[in-house]
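The values are calculated or read from the model by the stated rules, or taken from the named source; none is laboratory data. Not measured: the values here are computed from a predicted model. When we count neighbours, we look across all protein chains shown, and the Cβ atoms used for this are built from the backbone with ideal geometry, even at glycine.
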Amino acid sequence: MFTIMAILILTGCKDKLDSYHLSKGIDSVLSDYIDRHPKDSVIILQFYGIEKRTILNIQHSSYYPCREFVDGCFIYKDRLALYSILDKTISVNCLIDSTAASDKTILDNYKSWIDADYEDDGYSDSETYLVKSRDCITKAVEKDLEYKIIVSDTIGIRNAMINNMLNQRLNKHHIPIVSIRFASLDKSDYFMVCEVNAYTRKSLNGCLKRNGRIIVFYGIDNLHSQKIIDLRLIQKELPLLNNYKELPSNWFNYESSEGDVFKILPNGKIVRVPIEELPDEKYEMLYNALGLG
């Protein structure tokens, strides 16, 4: 009898340690995700908001993004589990014990994506959930990720093709914040659009709100053409970004390294730049001009 009781107590302690920081909803989702994706040692949880809904995205990797990205971390089923709150209006205290998960010294035993010069392969297994309550988190369906208002505005940008691309990207990816980086090189203008749900202050010129979403602008001061941006409508003050996560510029260098770059022709049309075919010197000059060097 004593042996049986000891086994039960030890088993209960292990279960308590595994789920110590978590609500039943997070515990269930994490456990199921790891069972189906067992190959990597790091599990990444990202919380963000769409209108009044709390969205959770889960990925796996061999490394963590960067320390500034991490709001809390803990060991779960022998893996490093970390979370990032991309929208400060969201509280995860009822989902994860943030006090117990605040010790980031655990990260000393792991490498970041940047330190490891790692091309993450976890995105293909990324999964998105709707947080309904502490104990009820379900797989998100398309309507959970949609905004009621379709992005169609053209405020701040005079170029019709750039506006069309931005609006399509915002409507397709259902994200609250997108960045557009401009650059001028050899008297030609270029741009890159990135969906990262965060921002950095390097080369940041301002932002504006468009149909409930936010566009963040970089590098517009160096544009060769003055017909692309209406500077009067770009907000230099940044209260719109107060609720979003600020990350270091080198994290964006990594995140944006595979983004498409476009050239703006004198007639206003845009064409994709085949950066994979550029000589190394031109490639480096262009990325430096975009603020990603």
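What the table shows:
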| read-out | value |
| --- | --- |
| Unique match (being buried (at least 20 other Cβ atoms within 10 Å of the Cβ) and under 23 Å from Thr154 (Cα atoms)) among Asp230, Asp189 | Asp189 |
| Close pairs from segment 278-290: first loosely packed, with under 14 Cβ neighbours inside 10 Å, partner modelled with pLDDT under 85 and not in a helix (DSSP H, G or I), Cβ under 7 Å, at least 6 apart | Glu284/Gly293 |
| Any hit, segment 123-130, residues being assigned to a strand (DSSP E or B) and either within 23 Å of Glu68 (Cα to Cα) or polar (S, T, N, Q) (or both) | yes |
